[in-house]
Amino acid sequence: MDAIKALGQIEEQREFNFSAQDFKYIQDFMLRETGISLSERKNSMVYGRLARRLRRTGIDNFPDYFARVESDIDERVAFINALTTNKTQFFREKHHFDYLAQTMVPQWQQQNKKRIRIWSAGCSTGEEPYTIASTLASCGLLSGGYDCKILATDLDTQVLEVAQNGTYGIEATKVIPENILRYGFIRGKGQKQELLKVKPSVRQAITFKQLNLTAHWPHKGPLDAIFCRNVMIYFEKDMQQQLIYRFWEKLGSGGILFIGHSESIGQMGNRFENLGQTMFRKLIACIHSGLKSEQSLCMHKILELTGCPIGAGARRFFHPGKQMMMVKIQPGEVYVTSERELISTGLGSCISACVWDPFIELGGMNHFMLPFGDADDIAGWDPTQWRSNAARYGNYAMELLINTMIQQGAIKSRLRVKLFGGGMVMGKHANIGEKNIQFIRNYVKDEGLTLVGEDLGSEFPRKVVFDPMTGKAWVKKLRGYRGEVEVEERNYKRRLVNEAKRDDGESAELF
Ligand SMILES: C[S@@+](CC[C@H](N)C(=O)[O-])C[C@H]1O[C@@H](n2cnc3c(N)ncnc32)[C@H](O)[C@@H]1O
């Protein structure tokens, strides 16, 4: 009772009348304009921060103040600035920067990657981007021919001013490890000896900009890393999911998203590999083409299955011979990438289309076959049966590859195609390989795609390795050894046929 009375007294003592309607106006405004969701618990905090604005502007009630916010752009900015929470510090969640220095940088160096792009989204007063930049400086990435840039953005213009200045009290910099402090900061002299300033070489790597995460993002991808930490926590669930989807789009393949310790990526989990400790690696497009037993071949359901977790350790590995990372895909998968890496697969009667856009150096590979029930099905099918389940599945596998590439910036008329597979490896009578070949040749012709090479047919399985940036492909016929490829394909065929049988006949326009 006493506590309630005490609260009532505080409310009464407020300098300005602050009604439930006023609070609702602020909640709606912030949600609409910034994505920030203010719960009832924030009522006193909101009042306290805005009361200062009322005093500053000489306005004595909230409705009049809101009218000013609506009509005066400067006050609108000050209003939003007042309600953002800007708590930050150097080396906050230190394991993120350890991962950057100890795992990401060595990988980039191994790949001879010189162009690095990182975004600190919601950078507050600059501690986060300066931590990133000084870590990179300590690894030698701000010199020596690297093109390393960090974009640091925030909604709040006041914190950006502090960030741009790059001067911090000695207390704030105590958490910076000694070796990194040396690379990133200069101690003030005389009266300024309690201050540290960021070194110009580190400062130059960063571009600060005002940007509302819920609005349009003018900058281009692909990015190697995005730090968006302790920002989404203020947003509603739907907004968080939208944001993570947009981050996923902006990251290059294999790019890393860092989020705050009390944040999660929710349903977007199937598009990232969880590296632990709130670090997520983008899976650009290792996409299962509909092979989950509880799903039918129905196209819209297949689409929901996108984003299979390619075990980075198991199926993405460094190939010492080619001196590049190599990703192995399996039957029913699609992989698209703009990284300097190779894609490989083993083919029996299945087809792999290797497609690339030479202009933007993006490419991908799929691995599929048409699902036929039995020998009669196979014998009776021809490419004019484009409405059949078999053709629908083939179309899907091709469209998934091509549309994923288009989403990443490829242009259809620029695409180049190489085709592989279609061997007679499932027994001489089961001429699935031949039907697969008929399908893919017909598809490429009908779609007006530019075919620049093929290695189709024959009675041997083959291993294909494809360089998605240059379009180069290597084929090895597996004359003496067909075991693994054949087993994988037989399993895949069995699953596909089961799926096809279960198809409930629903049809969906996909593309
Ligand atoms: C708590 S700070 C986090 C700073 C830093 N990322 C860290 O983890 O130390 C949150 C920052 O997000 C910014 N922010 C909030 N809503 C935003 C929005 N819609 N667009 C851009 N930045 C926003 C705030 O201004 C604030 O500076």
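Numerical summary
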item	result
Gln89/Ser143 FRET efficiency (R0 22 Å; Cβ-Cβ; nearest 0.05)	0.25
Label point distance in nm, Glu171-Ala20, each placed 7 Å from Cα along Cα→Cβ	4.1
Gyration tensor (alpha-carbon) shape descriptor, the stretch 72-173, a/c threshold 1.5	prolate
Inter-site label distance for Met45 and Asn112 at 7 Å from Cα along Cβ, in nm	5.1
Ranking of Thr450, Thr214, Thr337 by count of other Cβ atoms within 10 Å, fewest first	Thr450, Thr214, Thr337
Chymotrypsin sites (Phe, Trp or Tyr not before Pro) restricted to DSSP loop in the stretch 330-367 with at most 16 other C-beta within 10 Å	Phe359
Estimated vicinal HN-Hα couplings, Hz - the stretch 51-68 in sequence order (Karplus 6.51, -1.76, 1.60; Gly, Pro = x)	4, 4, 5, 4, 4, 4, 8, x, 9, 10, 8, 5, x, 5, 5, 4, 4, 5
Alpha-carbon centroids, the stretch 320-346 and the stretch 33-107: separation in whole Å	44
Asp376 paired with Ile73, simple spin-label distance in nm, labels 7 Å along Cα-to-beta-carbon	7.4
Local net charge near Val475, Cβ-Cβ under 9 Å (Lys/Arg +1, Asp/Glu -1)	+3
Charge sum, other residues only, whose C-beta stays under 9 Å from Phe272's C-beta, Lys/Arg counted +1 and Asp/Glu -1	+2
Förster-model FRET efficiency, 60 Å R0, Glu194 and Lys476, C-beta, rounded to 0.05	0.35
Likely footprinting exposure, Cys139, Cys354, Cys123, fewest C-beta neighbours within 10 Å first	Cys139, Cys354, Cys123
Computed E for Asp64/Ile406 - FRET, C-beta separation, R0 51 angstrom, nearest 0.05	0.50
Formal net charge of residues neighbouring Val162 (Cβ-Cβ distance under 12 Å; K, R +1; D, E -1)	-4
Difference of contour (0.36 nm per residue) and Cα-Cα distance, Thr57 to Glu447	134.0 nm
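Each reported figure results from applying straightforward, stated rules to the coordinates on display, with no laboratory input. Predicted model only: the values in this text are computed from it and were never measured. Please note: Cβ atoms are built from the backbone with ideal geometry, for glycine as well, and neighbour counts cover all protein chains shown.
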